[in-house]
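Okay, structure first, notes after.
The values are calculated or read from the model by the stated rules, or taken from the named source; none is laboratory data. The model shown is predicted, which means the values in this text are computed figures rather than measured ones. Because the Cβ atoms are built from the backbone with ideal geometry, glycine has one as well, and the counts that use them run over all protein chains shown.
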Amino acid sequence: MCVETKELVRSHLMPAALYDYCRTEHSSPMRVGDGVVMHTDRQLQAYLLCTLCEDILSKGGETWVSPRLATVAKTFPLYDLLMNAQVGYKDDHGGIYYAVTNPELSVEQLTHFALGIYWKAAVHSWSGSKKDPLIELGLYADTIRTWLRGESDFPKNVCLTVTLARPETALIILCQPVETKARDWRKFLLYVPGVRFTLSVGNTIELEMRMTCFHQNPMHPVFVSDEITGKDYERFGRDFIESRKTAGYLKQKIKRKTRS
């Protein structure tokens, strides 16, 4: 990240503190993806950053965001902060809130947190069997890198949209960055408990999309959407069903319940 020759330390793709959100008293977090369904405490780690760059990501956003996500107990401190912000629009299915009106909701820290994870996914495979980066951000990876280090302004043609679920319907999951369908630009999704971060990159991003940018729009809009949450449930449900190990996982779960 500093583009210097230094001793590397083990870095997490997703901050280590987030795994505790997905762990219960009796089970490890569940991994769904790449054709696998399994409970595992394995965390994606790699020798990627030096100590100083690790510290930049930690203090830049990870330390602030990590204790404010949604929990299985239906608490959601980040949502509570948002509810104290001005409402731009609201209906029975959600609304738009302006983070600029609540100084306790840190725009810089939340943006830094999300872009830090996206950047790490764009410069490493996070897999022992693959060499290509997890996602492809092209030239935008370097402009994000320099912004994360405080060496440049927020990158042009980069749009980060933040959507929260309600505490009672929040998905308590971690989903590493993935590319999804867009129009004439590239679009990526990242999930942490209760929050979806959508990253769009490209000089053809439409004006309406650019206006949703959490960082660049002066009002710093945050969306609450039951519709998006519902689509996320469907998406992860399909991933679960399509996994080649789903049947075996469910069979073993039934056996454990029967024995108990």
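Checking the condition at pLDDT below 90, crowded, with 17+ Cβ neighbours inside 10 Å and within 18 Å of the chain's Cα centre (by Cα), which residue from 37, 32 passes? Of the residues listed, the single one that is at pLDDT below 90, crowded, with 17+ Cβ neighbours inside 10 Å and within 18 Å of the chain's Cα centre (by Cα) is 32. Just the residues that are free of Cβ contacts under 8 Å to residues at least 40 places away in the same chain, more than 19 Å from the chain's Cα centre (by Cα) and not in a helix (DSSP H, G or I), please, taken from the stretch 132-149. Within the stretch 132-149, 132, 139 qualify. If I ask for residues that are outside any helix (DSSP H, G or I) and either touching a His at 6+ places or on another chain (Cβ under 7 Å) or under 29 Å from residue 77 (Cβ atoms) (or both), which ones from the stretch 99-131 would you list? Listed by number, the residues that qualify are 102, 103, 104, 105, 106, 126. Is it true that residue 160 is outside any loop (DSSP other than H, G, I, E, B) and aliphatic (A, V, I, L, M)? Criteria met by residue 160. Checked against (1) buried (at least 17 other Cβ atoms within 10 Å of the Cβ); (2) in contact with a helix residue (DSSP H, G or I) (Cβ under 6 Å, 6 or more places away or on another chain), residue 117 passes all but condition (2).
The set of residues in the stretch 164-190 that are more than 22 Å from residue 16 (Cα to Cα) and assigned to a strand (DSSP E or B) comprises 179, 180, 186, 187.
Here residue 55 fulfils each of the conditions (1) modelled with pLDDT of 90 or more; (2) surrounded by 13 or more Cβ atoms within 10 Å (Cβ to Cβ); (3) of a type in the set (D, E, K, R) apart from (2).
What pairs can you find where one residue is in the stretch 68-91 and farther than 12 Å from residue 223 by Cα, the other is loosely packed, with under 14 Cβ neighbours inside 10 Å and modelled with pLDDT of 95 or more, and their Cβ atoms are less than 8 Å apart, with a gap of 6+ or different chains? Sorted first by the residue in the stretch 68-91, then by its partner, the pairs are 77/67; 81/104; 84/104. Take the residues in the stretch 78-96 that are under 21 Å from residue 231 (Cα atoms) and touching a helix residue (DSSP H, G or I) at 6+ places or on another chain (Cβ under 7 Å); name whichever of them is surrounded by the most Cβ atoms within 10 Å (Cβ to Cβ). Once the filter is applied, the top-ranked residue is 79.
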